[in-house]
Amino acid sequence: DVKVTQSSRYLVKRTGEKVFLECVQDMDHENMFWYRQDPGLGLRLIYFSYDVKMKEKGDIPEGYSVSREKKERFSLILESASTNQTSMYLCASSLALAHSTDTQYFGPGTRLTVL
Amino acid sequence: GQNIDQPTEMTATEGAIVQINCTYQTSGFNGLFWYQQHAGEAPTFLSYNVLDGLEEKGRFSSFLSRSKGYSYLLLKELQMKDSASYLCAVRPYTGFQKLVFGTGTRLLVSP
């Protein structure tokens, strides 16, 4: 079974802090994704990566950056956390683009609260 | 632009059948996914459609009409454990594995 793990289930930070959210997958997937999920807005893509050291902006990248130094690990960074970044953050991974039926596998999520 | 519409909430009774609709308008189309998400948990894959027609998988079926930009998820013999949110997601032709999600339909199954 594919396993996607995230470093924390719950996190509380203060405004202005630098926040790191870590995601690790164990299935050698090429693609990795970071989403945030908010009531009434659904899942929105922040950033994704299709290879080590490669990254692409999603729909809402402002205020975030990412890092992918190793294939299995994809980090989301909030350079200076703000209260409007309070949300559930979900990481996902999938196989390479050649497999059109490939689904995304999600981690359990990190509920981040910024005070 | 990308737009995916689903009802916000539905209720049904244990043992019944429920149909959750999804309509989409996207810049391209390369497949539609349905996910199930229980409260506080990660979304899990239910079904995938890329050609018109019905895909059946046990109690769950998913239908697609590309010309109408329409899909539905059919859940039969509802069980209490089916109470969850159901997410419709489209993969536009551009952006390979990138998915665009609807806001989800929360289904409540009552005894």
>> Can you find a residue that is more than 30 Å from B:Cys22 (Cα to Cα), surrounded by 15 or more Cβ atoms within 10 Å (Cβ to Cβ) and under 14 Å from the mean Cα position of the chain (by Cα) anywhere in the range A:78-85?
In response: yes
> When you go through A:Tyr89, A:Tyr10, A:Tyr64 one by one, which is the residue that is under 22 Å from B:Arg91 (Cα atoms) and hydroxyl-bearing (Ser, Thr, Tyr)?
Replying inline: A:Tyr89
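Can you give me the number of residues within the range A:26-50 that are at positive phi and of a type in the set (D, E, K, R)?
Matching residues across the range A:26-50 total 1.
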>> If B:Gly31 satisfies all but one of (1) over 24 Å from B:Val109 (Cα atoms); (2) more than 11 Å from chain A (Cβ to nearest Cβ), what's the number of the condition it fails?
In response: (2)
> When you look at B:Leu87, is it buried (at least 16 other Cβ atoms within 10 Å of the Cβ), in a loop (DSSP other than H, G, I, E, B) and in contact with a Gly (Cβ under 7 Å, 6 or more places away or on another chain), yes or no?
Replying inline: no
> If a residue has to be away from chain B (no Cβ under 11 Å), more than 22 Å from A:Thr86 (Cα to Cα) and not basic (Lys, Arg) to count, how many in the range A:43-60 make the cut?
Replying inline: 3
> Does at least one position in the range B:93-110 carry a residue that is more than 14 Å from chain A (Cβ to nearest Cβ), touching a residue at least 60 places away in the same chain (Cβ under 8 Å), polar (S, T, N, Q) and not in a loop (DSSP other than H, G, I, E, B)?
Replying inline: yes
>> Condition (residue is of a type in the set (Lys, Arg) and in contact (Cβ under 8 Å) with a residue 24 or more places away in the chain) applied to the range A:58-71: is it met by at least one residue?
In response: yes
> A:Leu41 is checked against (1) among the aliphatic types (A, V, I, L, M); (2) modelled with pLDDT under 95; (3) over 30 Å from B:Pro7 (Cα atoms) and fails just one. What number does that condition carry?
Replying inline: (3)
>> Residues to consider are B:Glu77, B:Glu41, B:Glu56; find the one that is among the acidic types (Asp, Glu), without any contact (Cβ under 8 Å) to a residue 24 or more places away in the chain and part of a loop (DSSP other than H, G, I, E, B).
In response: B:Glu41
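The values are calculated or read from the model by the stated rules, or taken from the named source; none is laboratory data. Keep in mind that what you see is a predicted model, and the values were worked out from it rather than measured. No Cβ is skipped: glycine too gets one built from the backbone with ideal geometry, and neighbour counts run over all protein chains shown.
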